[in-house]
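The values are calculated or read from the model by the stated rules, or taken from the named source; none is laboratory data. Computed from a prediction, not measured in an experiment: that's the story for all the values here. Neighbour counts run over all protein chains shown; Cβ positions are idealised from the backbone, glycine included.
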Amino acid sequence: MSAERNKQVIERIYSAMAAGDRSVFAASVHPDYVWRFPGHCSWSRRFEGQEAIHRDLLRPLFGLFATDYTARAINLVAEGEMVVAEVRGDVMLKSGERYDNHYCFVFHFRDGKIAEVVEYCDTDLEERVLGNYDAVLAAHRARGSY
């Protein structure tokens, strides 16, 4: 697939995400895709496969949110099978704090679908506002929210 087509996939995803619609993203990933958080905070890890990503990352994370998470792309750069997206998130947590992170996502494509997401963000904000990943996951599981 061309770089331009890959870029259009990401444009569609963020057009939908700006309205709180995550379904376009879900339809744009391989079942075995990988989501990586480089760095040295508690959220820095690798999640593999759509089921594990939903269970161990997205459901616990979205369980913290009091409002619909929205995100908008500020800049997109595409080359070959990669699209880099500068993104701004917007959400209120149940704790009453805002989690409006700034991101740089690197999307790697395979056969027209996302095969890997590499997420760079403000890890200080992530730890301070979301809390420790292991504690978030444990609380999510204790609620029986698998």
Q. What single numbered condition from (1) in contact with a strand residue (DSSP E or B) (Cβ under 8 Å, 6 or more places away or on another chain); (2) surrounded by 15 or more Cβ atoms within 10 Å (Cβ to Cβ) fails to hold for Leu137?
A. (1)
Q. When you go through Gly20, Gly49 one by one, which is the residue that is modelled with pLDDT under 95 and under 15 Å from the mean Cα position of the chain (by Cα)?
A. Gly20
Q: Could you list all residues from region 50-76 that are in contact (Cβ under 8 Å) with a residue 40 or more places away in the chain and of a type in the set (A, V, I, L, M)?
A: Leu61, Leu64, Ala71, Ala73, Leu76
Q. Restricting the first residue to region 6-26 and requiring it to be closer than 14 Å to Arg72 by Cβ, which pairs with a second residue that is among the acidic types (Asp, Glu) meet a Cβ separation below 6 Å and a spacing of at least six or different chains?
A. Gly20/Asp68
Q. Within the bounds of region 35-53, is there any residue that is more than 16 Å from Cys104 (Cα to Cα), assigned to a helix (DSSP H, G or I) and in contact with a helix residue (DSSP H, G or I) (Cβ under 6 Å, 6 or more places away or on another chain)?
A. no
Q) Which of the residues belonging to region 54-73 are over 15 Å from Glu119 (Cα atoms), outside any loop (DSSP other than H, G, I, E, B) and not polar (S, T, N, Q)? A) His54, Arg55, Asp56, Arg59, Pro60, Phe62, Phe65
(Q) All but one of (1) over 18 Å from Ile13 (Cα atoms); (2) surrounded by fewer than 14 Cβ atoms within 10 Å (Cβ to Cβ); (3) under 12 Å from the mean Cα position of the chain (by Cα); (4) not acidic (Asp, Glu) hold for Cys121; state the number of the condition that does not hold. (A) (2)
Q: From Asp21, Asp32, Asp56, grab the single residue that is touching a Gly at 6+ places or on another chain (Cβ under 7 Å) and closer than 27 Å to His140 by Cα.
A: Asp32
Q | Test: residue in region 74-87 that is under 25 Å from Asp134 (Cβ atoms) and either in contact with a strand residue (DSSP E or B) (Cβ under 7 Å, 6 or more places away or on another chain) or in a strand (DSSP E or B) (or both) | A | no
Q: Taking the residues in region 66-107 that are in contact with a Gly (Cβ under 6 Å, 6 or more places away or on another chain) and buried (at least 16 other Cβ atoms within 10 Å of the Cβ) as candidates, determine which candidate is nearest to Asp124 (Cα to Cα).
A: Asn101
